[in-house]
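Input: a single structure, listed below in structure tokens.
The values are calculated or read from the model by the stated rules, or taken from the named source; none is laboratory data. This is a predicted model, so every value here is computed, not measured. Neighbour counts run over all protein chains shown; Cβ positions are idealised from the backbone, glycine included. Accessible surface areas use protein heavy atoms only, side chains included; no ligands, DNA or RNA. Shrake-Rupley method; radii C 1.70, N 1.55, O 1.52, S 1.80 Å.
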Amino acid sequence: MTDIPYNLASVRTRIAAACKAAGRPGTAVELLAVSKTFGPAEIRQAQAAGQRAFGENYLQEALDKQAQLADLALEWHFIGPVQSNKTRPLAERFDWVHGVERLKIAQRLSEQRPAALPPLDVCVQVNVSGEASKSGCAPAETLELCRAVARLPRLRLRGLMAIPAPAAAAADRRAPFRALRGLFDELRRSGLEVDTISAGMSDDLEDAIAEGSTLVRVGSALFGSRPPKA
Ligand SMILES: *Cc1c(COP(=O)(O)O)cnc(C)c1O
């Protein structure tokens, strides 16, 4: 049996230690619990142990869980790839969308965000590892895309998100996180009021925090390993 409260405490300890090692305050990094493939029962356990923000990758699965957890005050983050024909439920049902990589998607999210809700928090996803297969905008296009997203009325640009390639092969495991931080600093210098670097997962959150991540997205270290995707 996965002991979710125990895992949550362990991950929080890892985050605190990584912040300390980096000379950053322990409050500098937020934990997003990635609950994809896990059910409402696991989310309830994490919530009871003090976790409020949850990340989901698959739209229909997320909407089903939201319906079953409507009695809880949770913060929902969509961290999967965004398809342009599925932006409406994202705009209507989520607090954050991390994977914005094209202006067209951002425009749709802005147009579809209900007036009764606060602006949708978004991160622009950057392909820092530079592989053709990975999603995210090119580093060189990031500033221009962020400027355009920041002008959209119903979105609030919070910062950048990345999913670097698994570190095993890389000589410098921190390099992609450092590159992301460099782009974030460039946004700030250009006057954009961004505050979020969404980077780091179960296996590499220490590397991400050492390079300035402000939000780590952690799944398996909290909920256990996931069944392989069909
Ligand atoms: C699944 C996923 C995570 C969590 O990964 P773990 O290795 O289980 O911590 C984080 N971010 C994104 C975008 C994911 O798809």
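Pairs are defined by a Cβ separation below 8 Å, a sequence spacing of at least 6 or placement on different chains, a first member in segment 95-115 that is within 15 Å of Phe78 (Cα to Cα), and a second member that is of a type in the set (Asp, Glu) and outside any loop (DSSP other than H, G, I, E, B); the pairs so defined are Asp95/Glu75; Asp95/Asp121; Trp96/Glu75; Trp96/Asp121; Val97/Asp121; Arg113/Glu92. For segment 66-82, name all the residues that are within 15 Å of the ligand (Cβ to nearest atom) and of a type in the set (S, T, N, Q). Matches in segment 66-82: none. The set of residues in segment 26-46 that are of a type in the set (S, T, N, Q) and exposed (fewer than 15 other Cβ atoms within 10 Å of the Cβ) contains only Thr27. For segment 122-140, the candidate set comprises residues that are part of a strand (DSSP E or B) and without any contact (Cβ under 8 Å) to a residue 60 or more places away in the chain; within that set, the residue that is farthest from Asp172 (Cα to Cα) is Val122. Can Ile4 be described as out of contact with any Asp or Glu (no Cβ under 7 Å at 6 or more places or on another chain) and within 16 Å of the ligand (Cβ to nearest atom)? Spelling it out, it is not the case that Ile4 is out of contact with any Asp or Glu (no Cβ under 7 Å at 6 or more places or on another chain) and within 16 Å of the ligand (Cβ to nearest atom). Candidates are the residues of segment 47-61 that are in contact (Cβ under 8 Å) with a residue 24 or more places away in the chain and not in a loop (DSSP other than H, G, I, E, B); the one that is most open to solvent (accessible area, probe 1.4 Å) is Ala48. Can you go through Leu32, Leu63 and tell me which one is within 14 Å of the ligand (Cβ to nearest atom) and not charged (D, E, K, R)? Exactly one of Leu32, Leu63 is within 14 Å of the ligand (Cβ to nearest atom) and not charged (D, E, K, R), namely Leu32.
Of all the residues in segment 177-206, those that are open to solvent by 10 Å² or more (accessible area, probe 1.4 Å), of a type in the set (A, V, I, L, M) and within 14 Å of the ligand (Cβ to nearest atom) number 1. List the pairs whose first member sits in segment 18-30 and is outside any loop (DSSP other than H, G, I, E, B), whose second member is of a type in the set (S, T, N, Q) and open to solvent by less than 90 Å² (accessible area, probe 1.4 Å), and whose Cβ atoms are under 7 Å apart, counting only residues at least 6 apart or on separate chains? Within 7 Å, the pairs are Ala28/Thr214; Glu30/Thr214. If I filter segment 159-166 for residues that are closer than 15 Å to Ala18 by Cα and either within 9 Å of the ligand (Cβ to nearest atom) or open to solvent by less than 20 Å² (accessible area, probe 1.4 Å) (or both), do I get at least one hit? No, there is no match, as no residue in segment 159-166 is closer than 15 Å to Ala18 by Cα and either within 9 Å of the ligand (Cβ to nearest atom) or open to solvent by less than 20 Å² (accessible area, probe 1.4 Å) (or both). Across segment 207-230, the qualifying residues are those that are in contact (Cβ under 8 Å) with a residue 12 or more places away in the chain and open to solvent by 70 Å² or more (accessible area, probe 1.4 Å), and the one among them that is farthest from Arg147 (Cα to Cα) is Pro227.
Table: residues versus (1) modelled with pLDDT under 95; (2) over 21 Å from Ser135 (Cβ atoms).
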position	(1), (2)
Arg154	no, yes
Ala169	yes, no
Arg174	yes, yes
Arg178	no, no
Asp185	no, yes
Leu192	no, yes
Leu205	no, no
Ala208	no, no
Leu222	no, yes
